[in-house]
Structures are given as structure tokens and as C-alpha cells.
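Scroll down for the structure; my scribbles are underneath it.
The values are calculated or read from the model by the stated rules, or taken from the named source; none is laboratory data. The structure presented is a predicted model; accordingly, all values stated were derived computationally and were not measured. Backbone-built Cβ (ideal geometry, glycine too); neighbour counts: all protein chains shown. All accessible areas refer to the heavy atoms of the entire protein, side chains included, with ligands and DNA or RNA removed. Shrake-Rupley method; radii C 1.70, N 1.55, O 1.52, S 1.80 Å.
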Amino acid sequence: MDFKFSEEQEKFRQGVRDFLEEELRQGLWEPSCDAWIMGHDPEFTKRVAEKGWIGLTWPKEHGGQGRSFVDRLILTEEMLRYGAPAACHWFADRQIGGAIVHYGTDEQKKELLPLILRGEAYVGLGMSEPDAGSDLASLKTRATEDGDYFIIDGQKTWTSGGSHMNWIYLVARTDPDAPKHRGISEFFFETSLPGVTVQHIVDITGGVHFNEVFFDSVRVPKKCLIGEKNRGFYQVLNQLDYERSGMERLMANYPLFEALIQYTKETKRNGKPLSDEPIIRSKLAQLKIELEIGRLHMYRVAAVMDEGRAPNWESSMSKAYGTAFEQRLASSAIEILGLYGQLSPGSKWVPMRGMAYHSYLSSKGYSLQAGSSEVLKNILALRKLELPTQ
Amino acid sequence: MDLVLSEEQEMLKKMAHDFLTDKFPKTVVKEIEESEPGYSPESWREMAELGWMGLVFPEKYAGADMSFLDLAVLLEEMGRACLPGPYFSTVILGGLTILDAGSEEQKQEYLPKIASGEAIFTLALTESSARYDAAAIETKAAADNNAFILNGTKLFVPDAHIADYMLVIARTDEKSKGEYGTTIFIVDAKSPGISYTVLKTIANDKLCEVVFDQVSVPKENILGQLNQGWNEVQKIIQRAAVAKCCEMVGCIQQALDMTVDYAKERKQYDRPIGSFQVIQHYCVDMATDVDGTRLSTYQAAWMLSEGLPCTKEVAIAKAWAGEACQRVMALAHQIHGAIGVTIDHDLQYYTRRAKAAEVTFGDANFYREVVAQEMGL
Ligand SMILES: Cc1cc2nc3c(=O)[nH]c(=O)nc-3n(C[C@H](O)[C@H](O)[C@H](O)COP(=O)(O)OP(=O)(O)OC[C@H]3O[C@@H](n4cnc5c(N)ncnc54)[C@H](O)[C@@H]3O)c2cc1C
Ligand SMILES: Cc1cc2nc3c(=O)[nH]c(=O)nc-3n(C[C@H](O)[C@H](O)[C@H](O)COP(=O)(O)OP(=O)(O)OC[C@H]3O[C@@H](n4cnc5c(N)ncnc54)[C@H](O)[C@@H]3O)c2cc1C
């Protein structure tokens, strides 16, 4: 047992920090909450790509760095700590590249991986539909074979980053007669194909983050099928472990925490800093404790992956824990700010650029996306605790 | 980063588990709890023979030269078994303190006695304010030629009634109030002028009131430096807090295992209650708390073991463990239904110990303030 990062890992972390500090110094962007999923900045993504920080864990033969999952967690932890605008490459780097490495043909690897490595694939995840949320396998979007093509018809929804995406990872039904889990396949194609329409959804913060995506007889070449036809659902389950396992499930609103601590030190009430008040000290310390516990959960997931095991319950545990923490953080932040907490970004008198307001509203979705906390607990009950289903 | 136990640690864990399961079924735990000494001299000797008392002492003091992390593994199993008796007092509070702060002569004199199971030690720290801060120390030790004369009352001293030696923290500078002016003494527990009253506690452990009335202690029995005792007291509290967390990990892991097993077996409405989603989610919440406690506890134990500064990590571990244990035990009871609130059911041993452990060596409020300071607040 050893909780230490190696010297090389410490150096790597420092390297990431130095890079991000320099970016901040140059005023290239401002730290913000949810920047991993809402901060679309193609230039930033290019600079990250040039560093070789996309595809860190992929095998070298595919252009990756062959580094460990703990290394990648270090990288993403720092990106989140700084609230860096990494949304353009996040999905592709986190799960799509890995899926192609795992399930793709040689031709797909040759064609698609370099695109991701260069930071040019802004990927949307086309899974959920109006009637297929948690129960993804009940999806209705159809992919019908027609010569060298699949014809896609249907609708996806809640597609994060849909207004920026140039590629989509889509799950669609390829065999309507098979049991519902066994007739689904995965596709990866460009959204410039005729018949793809994106419609914005305004989210609870007032921003545009997720979207509806409509497919009207979209002709997708067969080479865009990823993995085995009709085995898509099982492939997705595996990919979801990666989607759920990351530091973004604990530190999506970390910039708020830092700003809040700073605020309580600098803000005086009755001549004394807020941070002197016992109740506020206690609240902030409790958040710190919960954050550190979450961090251990996250690193455990990476350590499990580095052992070569799928984190098939650890990632569910860390995500359910982490998103609940993020929600408490956002809620506590407004409480600590008191009346100021209700001010929205851009308002006169708003503290901390309105991060608390944004984060509080935005965090409501954290425990839904990538598997709701209830669904994750179902997984834990069955996979970890082996409780009976009936 | 590697978060699994070594092969040797796994072996120690298994050996400890087997031994403790065999020697301490709950019928025996109950008997011992109800007995006057509160421990089994026979098992005590056996544990000494297994090398448990001297586990982390160097070989030259008759120890096994293992690490604090190894000890953590053992303590977890002790918590899982609800081991009654003075292991914690003797080894964690007494032995490790002498190992850390003792002179060469003191180490040579006392550590082999602990390792062999010959001597029971304890720590007389807290007083009527029931706080772990230096201002709470009012017991006085007045210099008198080659001795110090102790007067005062200590409270919540574990196993004092059976101890051979006590480490007593007393005020040696009468004018002082804070950390400076406190000194640790190694006191022969059978010295004239010492009287004990065993208190009745929730965990049925033997916490005592100890009254010192003109107790004479030779000057050479100072442990560490005169008036500078508080530095070491802080280290004692730190080690004890982590050690307590280790026991708590064992305690709630066992409560979780028992509860999940019960949920699989117990049928109502013609199906195992563990098939009801609400019960499943309760179990998952318990497991998440257990794992968080385990991870933070082992992180702190590892840091102590490596000699790294870990004020923050210890505070996080104990603050978290204290409250997590309460959540876990509450759900364990809820899922067990009425059978769990009977005295003949094993669950109550864990409930009682978990509550006592929460307040011992610092509760969450205490450590949240430590964390706040570490955060620069
Ligand atoms: C901010 C945000 C971003 C998103 N981004 C994407 C994206 O990029 N791509 C994409 O495809 N999707 C995305 N989603 C959709 C997300 O995957 C779904 O919200 C999620 O799968 C839940 O589906 P639902 O919202 O339809 O809720 P439902 O499935 O209808 O669930 C409603 C409630 O019922 C509970 N529930 C459902 N089934 C069970 C069960 N078996 N046991 C117990 N409780 C149950 C849920 O836990 C939840 O509390 C995003 C969602 C959000 C909020
Ligand atoms: C202090 C005390 C006094 C009592 N006094 C009396 C008395 O005077 N007379 C009397 O007749 N009884 C009495 N009882 C018994 C009491 O009514 C039962 O404890 C209660 O009905 C629960 O039954 P159980 O203990 O067998 O638990 P179980 O029914 O086995 O339940 C165990 C757990 O499973 C859960 N569970 C069970 N079914 C479901 C379900 N369908 N969905 C979700 N969760 C479920 C329960 O909520 C509980 O958490 C007393 C109990 C106590 C603790």
C-alpha cells in the first residue's frame, strides 16, 4: 500500500500547473465551473494536443503516451482545479478514443485516432432520447442497412456540446426484432452529413449546453460502425465506466470552492473576516473533508484501472459520491454568501462572477448525466454487494 | 500509488481474523465486558506470543520491527472482533509513546515488558473538562527534591484499574496555563496515593476516574522533556486518533457485512428484504461510507507509518470516521428491524463501540477546526 505519487508524477503535475498558470498569466481564459463540459475553446484544445495531453493512456502504437490512469487523473485534476476550457476534446479523449482503440478496425484507428489526438474531433454523445433516459436500451433511433450505408432516423436529446460538435457518437437500433439489449449498435460520424439537425435547449442556468439532435434519413457509411453490430449496448456499458470515473464528477465546480475560501477570508462582517466565524469555518472544513474523501475514491478508480481491472462498481461509487458532494458545495456556497448568493452573473454587486448562482443551478444535472445516482446505486447493489433482484 | 495490502499484510489480517474469531465469539466478549478486569489474561498472553504487543517495536526491544501500517491492519481486525481489553491502552497509548519519546534506558526497561505481555500501560490525559487541549490539564506535579508530587483527578482513563504503569500528563509549571508547562510522567500505577473508580460506559469498556493524592514520582520518570510535554501529547493524540479510526473501519465493515447478509436472508412479503430497492440503496450508502472511511484511514496510517507530516490527513480521517460510523450504524439498525435492538444480537456491540469511538481522541467538530486551520482559514 502506498498513497504516494511518484517523483515523475509530481513533476508531471507541476508541468500541467505551469502550463495552466502561464495560460492564465496571458489572460487566455478565466477559470470557470463546468469548463470541462461547457468551455469550448478550440485554441486551448490545440495547445493541449500539442503538449501530447490528449490520449495520454492510449497505447503508443496508436499515438498515445501509454501512461497510467493515475497520470491521466493528475492531468484532469489540474485542468479542473484551474477551471480550464477543455470541452472541445474532453469526450473524445475520455471515452471515444478509448472505445476506438478497443473496438475499432485498423482503418478506423488510422483515420480517427489522429483526429482526436490533434484535438480536432469535438464529439457529442448521442445516447439519450426523449423516451430512453436511464433505460438506454429502450432507445428508438433506427439504423437500417442499405447497401454500403446505414440510414439513421430518429432523435437524440440532452446532447452536451451539441452546438459545437463536428462528430457524434451515436447508439441506434440495428435489429428491431431482437431483445432490446441485443439489437443496438454504435456509430461514429461527422455531423455535417445531410439530415442532421441540432436544436438548442436552454438549460436551467439560462445557458445553451445540451441540445436535441434530429436524424432524418442520414446516410452513414458502413465504415462508421464501431465494433460489432448489435453488440453496441455491451460496448456502451464498458465505456460508461470510463465516463463515470473521472475527476469531473468531483471537481466540476472546484473553482467555486477556491473562490469561496478566498471570499470568506477577504470579506468582513462587523469588522471581522467571515472566515473567523465558527459556523463558516466548520462548513468550509466539512466541504474540504468531503472533497478529500471523494478524491481518494477517484484515485482508487484509477488505481483499479491501472491494475488492469474494469472499475465496474468503483466508478459508480465515486460518481454517486462525487456529484452529491458537488451539489452540497454549490448549495453551501449560496448559504455562505447569504443574500449575495442569489445574484446572477453580470448583476451589479454579484460576488465571484456569479459562480455560486451558476453552479447551484447547474449542479442539479450532475447526479443525472452519465447515469443517475439511483441507477448507480442499483449497479452497486448488484455488482458489489450481490443483493438479490427478487 | 497502490491501494492494496501487501501479501504479508493480507497474511497478518487473515491470521488476526482467524485468531480473534476463534477466541472472541460474542459470548466471550460479553463475559469479558461484564468481568471486573475487562480482559482475558489467557488471551492476552497468547496475543503477546503472536507478537502483537511488540509488533512495531524494533527487534532490540523484543519487537517484530513491523510498521504502523501493519499495525493498522491488526487494529482493523480488532475493531471487527470487538476485542475487549487493554491492547489499545498498552500498545498505542503506552508503547508507541515510549518508543517515540523515551530515553534509551526507558525504552530498554519498558518496551520488552510490553512486548512480552508482562506490563499493561495506559494514558492519563483528559480531566473533568473532557477536552483534548492543553488548557484542560490542571493536575499538578510539584518538584520535591528528586521527585515530583502529583495531585489531581484524571477522567476517562482506559484500563487504569488493571494498569501496571500510567503515562500521566501534569502541569509542572504552576503559573502556566497552555501547552508550555506540561510534562509526561511514567507512573507506577500501584503507587501509594492513587485510587481508581471504574466508570460505567456505553461501550462497556473500562474507563476510570483516577485520583492522585500526593503521589510521588521519581524525577527520572519524566518522559521526554520537562515542561515540553505537549508536543508529544499531540503526537499521542494523532496516533491514537488514527488507531481508533482503524478500529472503526473494522467495526463498520463488520456491521455492513452483517447487514448485507441479513438483507439477503430475511424474507418479508415472500422475498428477501435485500431485493427492495430502498434497502439496496441503504446498503450502498453504508458501503460508500465504509470505503471512504477505509481510504482516508489508511491514507493517514500510511503517512504516519512513513513519518510524513499528516495533521490534515489525520483530522480528515477522524472527522469523517466519527460521523460516517453513525450513519452506517443507523442504517444497519434500520435494516435489521427489531431483532437488531435486542441485547442478544451482535449488532449492539458495534453500535455501542462506534458511538464511543466517535467522541474518543477528537470528534468531528474538533477536527473540522483543525482542517479549517490547515486550510489557512
Ligand atoms: C447536464 C446533462 C447533460 C447530459 N448530457 C448528455 C449527453 O451528452 N448525451 C446523452 O446521451 N445524454 C446526456 N444527458 C442525459 C442523461 O444521460 C440522462 O438524463 C440520464 O440518463 C437520465 O435519464 P432521464 O433524464 O431521462 O431520467 P429518467 O431515466 O426518466 O429518470 C428519472 C428519475 O427516475 C430514476 N430512475 C430511473 N430508472 C430507475 C431505476 N431503475 N431505479 C431507480 N430509479 C430510477 C432516475 O434515477 C431519476 O431520478 C445529460 C443530462 C444532463 C442532466
Ligand atoms: C421497540 C419496539 C417495540 C415493539 N413493540 C411491539 C408490540 O408491542 N407489538 C407488536 O406486535 N410488535 C412490536 N414491535 C415489532 C414491530 O412492529 C416490528 O419491528 C416491525 O413491524 C418491523 O418488523 P421486523 O422487525 O420484523 O422487521 P422486518 O419487517 O424484517 O424489516 C426489516 C427491514 O426491512 C424493511 N422492509 C420490510 N419490508 C419492506 C418493504 N416491503 N419495502 C421496503 N422495506 C421493507 C423494513 O423497513 C426494515 O428496515 C416492536 C418493535 C420494536 C423495535
Could you work out the helix-only [θ] at 222 nm for chain A, with each DSSP H run of four or more residues adding -39,500 (n - 2.57) and the total divided by the number of residues, to the nearest 500 deg cm²/dmol?
-13000 deg cm²/dmol
Just give the residues from segment B:291-320 buried by at least 20 square angstrom of accessible area in the all-chains context relative to the isolated chain, probe 1.4 Å, and say none if nothing qualifies.
B:Asp291, B:Gly292, B:Leu295, B:Tyr298, B:Gln299, B:Trp302, B:Lys312, B:Ile316, B:Trp320
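What's the buried accessible area, both sides, between B and A using a 1.4 Å probe, rounded to 100 Å²? Write down the numbers at each step before the final one.
Working: alone 17310 and 18110 Å², together 31380 Å².
About 4000 Å² of accessible surface is lost on pairing.
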Which of the aspartates and glutamates could be linked to B:Lys355 by a straight reach, that is with a Cα gap under 16 Å, when you skip same-chain ones fewer than 8 residues away?
B:Asp205, B:Glu247, B:Asp289, B:Glu323, B:Asp346, B:Asp363
Run the numbers on segment B:332-377: which residues show a drop of 40 Å² or more in accessible area, chain on its own versus all protein chains together, using a 1.4 Å probe over heavy atoms?
B:Arg368, B:Met375, B:Leu377
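Which percent of the accessible area of segment A:1-60 is formed by carbon and sulfur heavy atoms (probe 1.4 angstrom)? Mind dumping the intermediate values first?
Details: 1440 of 3100 Å².
C and S fraction of accessible area: 46 percent.
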Inter-part distance where segment B:95-131 and segment A:72-123 are each reduced to a Cα centre, Å
56
To the nearest Å, what is the center-to-center distance of segment B:342-377 and segment B:200-278, using C-alpha atoms only?
8
Could you estimate the translational diffusion coefficient of chain A from the Stokes-Einstein equation, with Rh from the Kirkwood formula over C-alpha pairs, at 20 °C and 1.002 mPa s, in whole µm²/s?
98
Could you report segment A:125-230's accessible area per residue, 1.4 Å probe, as an integer in Å²?
45
If you scale each eigenvalue of the Cα gyration tensor by 5 and take the root, what three semi-axes come out for the protein assembly as shown, rounded to whole angstrom and sorted largest first?
55, 29, 23
Could you pull out every residue, at least 5 positions away or on a different chain, whose amide H is within less than 5 Å of the one on A:Phe189? Hs are placed 1.01 Å off N in the peptide plane, and Pro or chain starts have none.
A:Ile168, A:Leu170
If you take every residue apart from A:Asp203 with its C-beta less than 11 Å away from the C-beta of A:Asp203, what net charge results, scoring Lys and Arg +1 and Asp and Glu -1?
0
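Leaving out ligands, DNA and RNA, and with a 1.4 Å probe, what % of the accessible surface on segment B:1-85 is carbon or sulfur?
Details: 2030 of 3940 Å².
Carbon-and-sulfur percentage of accessible area, whole number: 51.
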For A:Asp177, A:Asp216, B:Asp257, B:Asp188, give the ranking by accessible area with the largest first, probe 1.4 Å.
A:Asp177, A:Asp216, B:Asp188, B:Asp257
If the reach is capped at under 19 angstrom between alpha carbons, list the lysines near B:Lys264, excluding any in the same chain fewer than eight residues apart.
A:Lys377, A:Lys384
Kirkwood hydrodynamic radius of segment A:125-230 from all distinct Cα pairs, in Å?
13.8
Given a 1.4 Å probe, the accessible area of segment B:1-92 per residue, as a whole number of Å², is 43
Counting only the heavy atoms of the protein chains, how much of A:Glu30 is accessible to a 1.4 Å probe, in Å² to the nearest 10?
120
What's the carbon and sulfur percent of segment A:252-390's accessible surface, probe 1.4 angstrom, rounded to a whole number?
52
Given the pairs B:Lys190/B:Lys244; B:Lys154/B:Lys200; A:Lys46/A:Lys110; B:Lys206/B:Lys244; A:Lys109/A:Lys222; B:Lys235/B:Lys318, which span a C-alpha to C-alpha distance of over 18 angstrom in this model?
B:Lys190/B:Lys244; A:Lys46/A:Lys110
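Take the alpha carbon atoms of segment B:123-230, find their radius of gyration, then divide it by 2.2 N^0.38 Å using N residues; give the quotient.
Details: Rg = 13.0 Å, N = 108, 2.2 N^0.38 = 13.0 Å.
Cα Rg divided by the expected 2.2 N^0.38 Å: 1.00.
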Mind checking which aspartates and glutamates have their Cα closer than 20 Å to the Cα of A:Lys265? Skip sequence neighbours fewer than 8 apart in that chain.
A:Asp276, A:Glu277, A:Glu335, B:Glu369, B:Glu374
Would you pull out the residues with amide H under 5 Å of B:Ser216's amide H, same chain only if 5 or more places away, H placed 1.01 Å from N?
B:Leu150
Please give the residues from segment B:1-20 for which the solvent-accessible area of heavy atoms, probe 1.4 Å, is smaller by at least 30 Å² with all protein chains in place than with the chain isolated.
B:Met1, B:Asp2, B:Leu3, B:Val4
